[in-house]
Amino acid sequence: MTERSRGRRLTTPIALVITALAAILLPVTPAHAAYGPDQQVYVQVTANDGSGMQLARLEGTVAFDDSNTRYRYSLNLCWQSGSYPQPYFSIKVNGSPAGSPVWTGNTSAAGCQLVALYSADVNVGSAVYNLSFDVTAGWFSSSNGYQHRTRTKSSGIYDNPFN
């Protein structure tokens, strides 16, 4: 019995030390970067043929994380009645195209044929200095013999406050 007691006495402190070291050295959950404040996004595309027809409206928010490699957005693209076909938008990161926005569904709103919803949390994997959004819409211009025209309008630049 003396041997068994001595063995248990040695095993218990060693197990406690190993458990304590593991708790100190291994985080329980991975660290997540903190997002800065939401920045308001608003882009209104209007026909430039003198008709003043409203074609598309992009609105929502974008935010950057403090690791400088991620951003998130939640945006609504309103397809206004004068536009054909359905408008679309693109995202530029640091001035370069950043892939297609992530569509999450549709809804409706007054003054819109359709509202397309987009949201994502994007890990770029390298430094994100700024973002911009380009909205493109088309229409048939009555002042131009009902020819189809398109127009793209940029949001301007949203700067990352963490760099």
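Every number here is computed from the coordinates shown, using simple stated rules; none is lab data. Source: prediction; values computed, not measured. FYI the Cβ positions are ideal-geometry reconstructions off the backbone, even for glycines, and counts take in every protein chain you see.
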Starting from the Cα gyration tensor of the range 27-113, multiply each eigenvalue by 5, take the square root, and state the resulting semi-axes largest first in whole Å. 32, 14, 11
Suppose R0 equals 35 Å. What FRET efficiency, 1/(1 + (r/R0)^6) with r the Cβ-Cβ distance, do S108 and I157 give to the nearest 0.05? 0.70
Mean Cβ-within-10 Å packing, highest first, puts peptides 67-73, 49-55, 94-100, 135-141 in the order 135-141, 67-73, 49-55, 94-100
Label points 7 Å out from Cα along the Cβ direction at Y129 and T69: separation in nm? 1.9
For the range 65-163, what number results from the quotient of the Cα radius of gyration and 2.2 N^0.38 Å? 1.25
Derived scalar couplings ³J(HN,Hα) [the range 73-80; Karplus, 6.51 cos²θ - 1.76 cosθ + 1.60; whole Hz; x for Gly, Pro]: 9, 9, 10, 10, 10, 8, 8, 7
Calculated FRET efficiency for the pair N144/D38, C-beta based, R₀ 35 Å, to 0.05: 0.35
